[in-house]
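Asks: Please find one structure pasted underneath; my questions will follow.
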Amino acid sequence: MAAGALSFSAMAALAKVAGTRVPLFEIVLARSVVVAAIAGPLLLRARTPLLGHEPRWLLLRGVLGFGALTCFYFAVIHLPLADATVIHFMNPVFTALGAALLLGEHVGVLEGLLVLGSMGGVVMVARPSFLFGASASLDPFAVGVGLLGAVLAAGAYVTVRRLKSEAPMLIVFWFAMVSIVLALPLVWRDPVMPTLPMLLVLLGVGLTTHIGQILITWGFRLERAGRASAIGYLQIVFAAGWGWFLFRDVPDAWTWAGAALIVGCTVLLSRVHAVR
């Protein structure tokens, strides 16, 4: 799980590097092409039907995932890496709410308070100007896009819970293929030919994504879900390290305090939220 968190944090750092030279949707396209090129042959080798059993839900998961990925990369490019990562980690909270609304999972008073606590953590990270002053605040539009990405990611995860009959690699493949189809027209409007070093960076975005997915899946098979998920929050620490090393972004006390509040509330939510 720790290695998977490191891989995903490296993916975000590489996406931020690519964002200095390459348009947003080209990064999404490159990442999706690499993932599809890896997942497709594995599915064919396993003789898994590519249409699956529930193609409409696979399509919905792909569309939601594309939106979430686009928003996350936008936030990574326009915000400090640690802050963008902290905001994205609101998605388990939104997943619990989505599962309650769409799948009938129970959410009680305690869960509601933990959700409010997590939102308080986002306020501490974003530091809106009307509370903290203009000099301390992050770009509110980028923060809003990051939160939208967390909401869309939650929607994607809720659909994954619905797709229990599908092979995990098939879900990953559909996500990549839907993203390719949606990103291609947007890239075609104003393509930018990346240099060879930037091509390597884009390849790294795709490879670190796939490696992270494998490691996280392996981690969940070897360890209890609650403990494994908690270790996954190391991604915030790794993101802070990449931000300092590559971009000289040093998270302040508000970022760490907000991250601690979000992580604490989310871990508690994962322990008290039960499927009924």
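Asks: Among the residues of the range 99-111, which ones are modelled with pLDDT of 70 or more and surrounded by 20 or more Cβ atoms within 10 Å (Cβ to Cβ)?
Replies: Selection gives Glu111 alone.
Asks: Here is a further query. Does the range 248-267 hold any residues that are free of Cβ contacts under 8 Å to residues at least 40 places away in the same chain and acidic (Asp, Glu), and which are they?
Replies: Scanning the range 248-267 gives a single hit, Asp252.
Asks: Answer yes or no: is there a residue in the range 27-42 that is over 29 Å from Trp242 (Cα atoms) and of a type in the set (A, V, I, L, M).
Replies: Here is the first cut: in the range 27-42, the residues over 29 Å from Trp242 (Cα atoms) are 40-42.
Next, from what is left, pick out any that are of a type in the set (A, V, I, L, M): 42.
Yes, the conditions are met somewhere in the range 27-42.
Asks: Shifting gears a bit: Restricting attention to the range 1-49, report how many residues are in contact with a helix residue (DSSP H, G or I) (Cβ under 9 Å, 6 or more places away or on another chain), of a type outside the set (Gly, Ala, Ser) and not in a helix (DSSP H, G or I).
Replies: Just the residues of the range 1-49 that are in contact with a helix residue (DSSP H, G or I) (Cβ under 9 Å, 6 or more places away or on another chain), to begin with: 1-40, 42-43, 46, 48-49.
Then drop every residue that is not of a type outside the set (Gly, Ala, Ser), which leaves 1, 6, 8, 11, 14, 16-17, 20-29, 31, 33-35, 38, 42-43, 48-49.
Now drop any that are not not in a helix (DSSP H, G or I), which leaves 1, 20-23, 48-49.
Residues in the range 1-49 being in contact with a helix residue (DSSP H, G or I) (Cβ under 9 Å, 6 or more places away or on another chain), of a type outside the set (Gly, Ala, Ser) and not in a helix (DSSP H, G or I): 7 in total.
Asks: Do the conditions hold for Ala46, that is, is it of a type outside the set (Lys, Arg) and buried (at least 20 other Cβ atoms within 10 Å of the Cβ)?
Replies: Details: of a type outside the set (Lys, Arg): yes; buried (at least 20 other Cβ atoms within 10 Å of the Cβ): no.
Spelling it out, it is not the case that Ala46 is of a type outside the set (Lys, Arg) and buried (at least 20 other Cβ atoms within 10 Å of the Cβ).
Asks: If you don't mind, there's one more thing I want to ask. Pairs only if they're at least six apart or on different chains, beta carbon under 6 angstrom, first in the range 236-247 and at negative phi, second not in a helix (DSSP H, G or I); list them, first residue then second.
Replies: The qualifying pairs are Ala240/Pro251; Gly243/Pro80; Gly243/Asp249; Trp244/Val250.
Asks: Answer yes or no as to whether Val250 is loosely packed, with under 12 Cβ neighbours inside 10 Å and modelled with pLDDT under 80. So that I can check it myself, show each step before the final result.
Replies: Working: loosely packed, with under 12 Cβ neighbours inside 10 Å: yes; modelled with pLDDT under 80: no.
So Val250 does not fit the description; no.
Asks: Considering only residues that are more than 14 Å from Ser32 (Cα to Cα) and crowded, with 16+ Cβ neighbours inside 10 Å, which ones fall in the range 187-200?
Replies: Within the range 187-200, Pro194, Met198 qualify.
Asks: Taking the range 189-211 as the region of interest, how many residues are of a type in the set (A, V, I, L, M, F, W, C), out of contact with any helix residue (DSSP H, G or I) (no Cβ under 9 Å at 6 or more places or on another chain) and in a helix (DSSP H, G or I)? Step through it out loud before you land on a result.
Replies: Start the filter on the range 189-211 by keeping residues that are of a type in the set (A, V, I, L, M, F, W, C), which leaves 192-193, 196, 198-203, 205, 207, 211.
If we keep only those that are out of contact with any helix residue (DSSP H, G or I) (no Cβ under 9 Å at 6 or more places or on another chain) too, we end up with 193, 196, 200.
Add one more test, that the residue is in a helix (DSSP H, G or I), and what stays is 196, 200.
Of the residues in that region, 2 qualify.
Asks: Let me ask something else about it. Residues of the range 33-48 being over 24 Å from the mean Cα position of the chain (by Cα) and in contact (Cβ under 8 Å) with a residue 12 or more places away in the chain, which ones?
Replies: At the first step, the residues of the range 33-48 found to be over 24 Å from the mean Cα position of the chain (by Cα) are 41, 44-48.
Within the range 33-48, Ala46, Thr48 qualify.
The values are calculated or read from the model by the stated rules, or taken from the named source; none is laboratory data. Because the structure is predicted, anything quoted here is derived from the model rather than measured. Cβ: placed from backbone, ideal geometry, glycine included. Neighbour counts: every protein chain shown.
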